[in-house]
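Colleague: So that we are looking at the same thing, I have put the structure below in structure tokens.
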Amino acid sequence: MSGYILDLRKVVGHRPLLQVGASVIVENAQGEVLLQKRADNHCWGYAGGSVELDEIVEDAARRELFEETGLIAADLELFGVFSGKDTHYVYPNGDEVSNVDIVYLCKSYSGELKKQDSEVEQLRFFPADALPEKLSPPIRPALLRWAEGKR
């Protein structure tokens, strides 16, 4: 969790926060998507997290991708901005957020897969037609749009 969000949580507790996220859908040469099994809710999702104060969104996306997967994005293409009721979420610890998720697509990257032990249980590539059933709720809209585009 970002330092900015942690500081806000000290003041507002679990009440809903507007949270700006920067996320990356990584696609390999076979057209499969990299997903991570999250340690907090044990659901699958893509790499991403909160944008820090004054941080450039694309920089946040690159940072989160590297921290969570060990991959370095060569190119990022804006995939979409996702918000609204479908991205509203209550974390297992009770923290509530209304997400505005700025999602990038990355097809060119380097590095070796290495999961962030504190946040990620597993990293794995999935074909668009065989996504895991247990997707993390706030990322469903973007991931399903990506999958539809692959069909």
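The values are calculated or read from the model by the stated rules, or taken from the named source; none is laboratory data. In this text the structure is predicted, and so the values were computed from the model without any measurement. Cβ placement follows ideal geometry from the backbone for every residue including glycine, while neighbour counts extend to all protein chains displayed. Quick note on the areas: whole protein, heavy atoms, side chains included, nothing else; ligands and nucleic acids left out. Shrake-Rupley method; radii C 1.70, N 1.55, O 1.52, S 1.80 Å.
Colleague: Would you mind computing, in nm to one decimal, how far apart the modelled labels at GLN30 and SER110 are, each placed 7 Å from Cα along Cα→Cβ?
Modeller: Inter-label distance under the simple model: 2.4 nm.
Colleague: Here is a further query. Could you pull the accessible area for ASP59 with a 1.4 Å probe, rounded to 10 Å²?
Modeller: 80 Å²
Colleague: Sticking with this one: Suppose R0 equals 30 Å; then what is the FRET efficiency for GLU58 and LYS150 from their Cβ-Cβ distance, rounded to the nearest 0.05? Write down the numbers at each step before the final one.
Modeller: Working: r = 23 Å, r/R0 = 0.78.
Using R0 = 30 Å, I get an efficiency of 0.80.
Colleague: Let me ask something else. For LYS37, which lysines qualify as cross-link partners when the Cα separation must be under 24 Å and same-chain residues fewer than eight apart are set aside?
Modeller: Hits, sequence-local ones excluded: LYS85, LYS107, LYS114, LYS115, LYS134, LYS150.
Colleague: If you don't mind, there's one more thing I want to ask. Check the straight Cα-Cα distances from LYS10 and name the aspartates and glutamates below 18 Å, setting aside those fewer than 8 residues away within the same chain.
Modeller: Straight-distance partners of LYS10: GLU52, ASP95, GLU96.
Colleague: Amide H of TYR109 versus every other amide H placed in the peptide plane: which residues, excluding those fewer than 5 positions away on the same chain, fall under 5 Å?
Modeller: Under 5 Å from the amide H of TYR109: ALA74.
Colleague: Can you pull out the GluC sites (Glu not before Pro) in region 65-142 that DSSP calls coil and that have at most 14 other Cβ atoms within 10 Å? Working shown, then result.
Modeller: Numbers: sites: GLU67, GLU68, GLU77, GLU96, GLU112, GLU119, GLU121, GLU133; in loops: GLU112, GLU119, GLU133.
Sparse-neighbourhood loop GluC sites (Glu not before Pro): GLU112, GLU133.
Colleague: Stokes-Einstein at 25 °C, 0.890 mPa s, Kirkwood radius from Cα pairs: D for the chain in µm² s⁻¹?
Modeller: Working: Rh = 15.5 Å.
The estimated diffusion coefficient comes to 159 µm²/s.
Colleague: May I ask what percent, to the nearest 5, of DSSP beta bridges between residues of the chain are antiparallel?
Modeller: Working: 24 of 35 bridges.
Antiparallel: roughly 70 percent of the beta bridges in the chain.
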